[in-house]
Amino acid sequence: MKALLTILFSLKALESIHQVGHWQSKGASSYSDHQLFERMYTSTSSEVDAVAEKALGLQLGKYLTPHMLTEGTGAFLRAKGVQQVLDADGALRAERAFISLLQSSMAALEPEFKDSWTMKGLDNLLAGIMDNHEKHVYLLQQRVEA
């Protein structure tokens with residue numbers, strides 16, 4: 001179950017990265033960047049809520065404290081070297097790091113998908129999150145290469 005919390009904390013970090021990008025957009029592409037980052041932090045915020053609610057359903061509520069959330073979010077930022085993300089290139093690095101983390105977390109959770117009725121639906125939730133962040137990578141790649 002630790003893998004689910006890692007996903008949650010990492011999503012919260014991405015939400016913050018994209019929201020700060022939204023606030024910090026400037027230059028010739030500031031309006032489009034502002035909109036792009038808003039799209040990403042809004043969708044990621046919904047994912048944070050869905051994963052947190054699933055974690056509560058799996059009896060992980062004792063780990064969902066402000067302190068644990070802050071610590072877990074900071075751990076993702078430090079481990080992936082994305083503390084100072086203020087542009088599309090940094091956001092792209094963060095998204096790629098998240099996808100890698102999500103893949104390994106899903107692999108760690110896979111045996112539990114099959115063995116527990118309480119895990120039903122989690123694989124679908126995580127697959128949808130993966131799909132959304134692959135879209136984020138595509139959009140950010142287009143922005144970085146422009």
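Exactly one residue out of Glu15, Glu71 is among the charged types (D, E, K, R) and under 28 Å from Pro111 (Cα atoms): that is Glu71. So, Lys12, is that one outside any helix (DSSP H, G or I) and open to solvent by 20 Å² or more (accessible area, probe 1.4 Å) or not? In short, no.
Applying the condition of being at pLDDT below 95 and among the hydrophobic types (A, V, I, L, M, F, W, C) to the stretch 38-58 and asking which residue is least open to solvent (accessible area, probe 1.4 Å) yields Ala55. With the condition kept exactly as written, say whether any residue in the stretch 85-100 is at pLDDT below 95, within 16 Å of Ile17 (Cα to Cα), surrounded by 15 or more Cβ atoms within 10 Å (Cβ to Cβ) and of a type in the set (Val, Ile, Thr). Yes, there is a match, as at least one residue in the stretch 85-100 is at pLDDT below 95, within 16 Å of Ile17 (Cα to Cα), surrounded by 15 or more Cβ atoms within 10 Å (Cβ to Cβ) and of a type in the set (Val, Ile, Thr).
The values are calculated or read from the model by the stated rules, or taken from the named source; none is laboratory data. Since the structure is predicted, the reported quantities are computational estimates derived from the model, not experimental observations. Note that each Cβ is placed from the backbone with ideal geometry, even for glycine, and that neighbours are counted across all protein chains shown. Accessible surface areas use protein heavy atoms only, side chains included; no ligands, DNA or RNA. Shrake-Rupley method; radii C 1.70, N 1.55, O 1.52, S 1.80 Å.
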